[in-house]
Amino acid sequence: MSKTSTFARRGPDRISEEIAKVLCKKKPLEFKALFVDVYESLRAKDATSGGEEMIRLRAYEKLQNFVRQGIVKKAGTTYVGDGRALASFLATAAEQNATFAAEKEKRNPTFPPKPVKPAAKTTPAKVAKPVKPKKAAKPAKAKKAPAKAVALKKKK
């Protein structure tokens, strides 16, 4: 029986973490304002791959997951974070990020750089003689026409 492959976590979920950090402020926000804060924070960390629209879609999906889980409350068009649930989420995320970093270190160990060999003793280089410039080529002489052709031209 063959093993089925499972999805391996690719890395920390930066968008969810930033949404949680913004909503920890206990301030009700509409999605537009929330997204602007999240996007600016991600841009500051250089974690915006995929373009603004793709990040907007992913952020909305993550926010709706938070609402379903009860971490965030939705009232009309505004979102308010539950302080305890968000703190718990951030602690769990930090723990997962530390575990991920440790696993990544095991998979890709960093090797110390190779030692640099000391430079070999060098002898003074011989000075090359200056090269004389070449003379310009003489222009080619025009070829004389054959005598028969000249004679024919004269007869005309």
Checklist entry - With respect to LEU42, is the statement that it is touching a residue at least 12 places away in the same chain (Cβ under 8 Å), in contact with a strand residue (DSSP E or B) (Cβ under 9 Å, 6 or more places away or on another chain) and not hydroxyl-bearing (Ser, Thr, Tyr) true? => result no
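Has region 20-40 got any residue that is over 19 Å from VAL80 (Cα atoms), at pLDDT below 90 and not in a helix (DSSP H, G or I)?
First, the residues of region 20-40 that are over 19 Å from VAL80 (Cα atoms): 40.
Filter once more, so that each one left must be at pLDDT below 90: none.
No, because not a single residue in region 20-40 is over 19 Å from VAL80 (Cα atoms), at pLDDT below 90 and not in a helix (DSSP H, G or I).
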Next on the checklist: Take the conditions without any contact (Cβ under 8 Å) to a residue 12 or more places away in the chain, farther than 21 Å from ARG14 by Cβ and touching an Asp or Glu at 6+ places or on another chain (Cβ under 9 Å) and apply them to LYS106. Does it pass?
Outcome noted: no
Checklist entry - How many residues, within region 41-86, are under 14 Å from SER16 (Cβ atoms) and in a strand (DSSP E or B)? => result 3
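Would you mention how many residues in region 47-76 are small (Gly, Ala, Ser) and open to solvent by 40 Å² or more (accessible area, probe 1.4 Å)?
Qualifying residue count, region 47-76: 4.
The values are calculated or read from the model by the stated rules, or taken from the named source; none is laboratory data. Model, not experiment: these values are computed from the prediction. Using ideal geometry, Cβ is built from the backbone for each residue, glycine included, and neighbour counts are taken over all protein chains shown. What goes into the accessible areas is simple: the full protein's heavy atoms, side chains included, and nothing from ligands, DNA or RNA. Shrake-Rupley method; radii C 1.70, N 1.55, O 1.52, S 1.80 Å.
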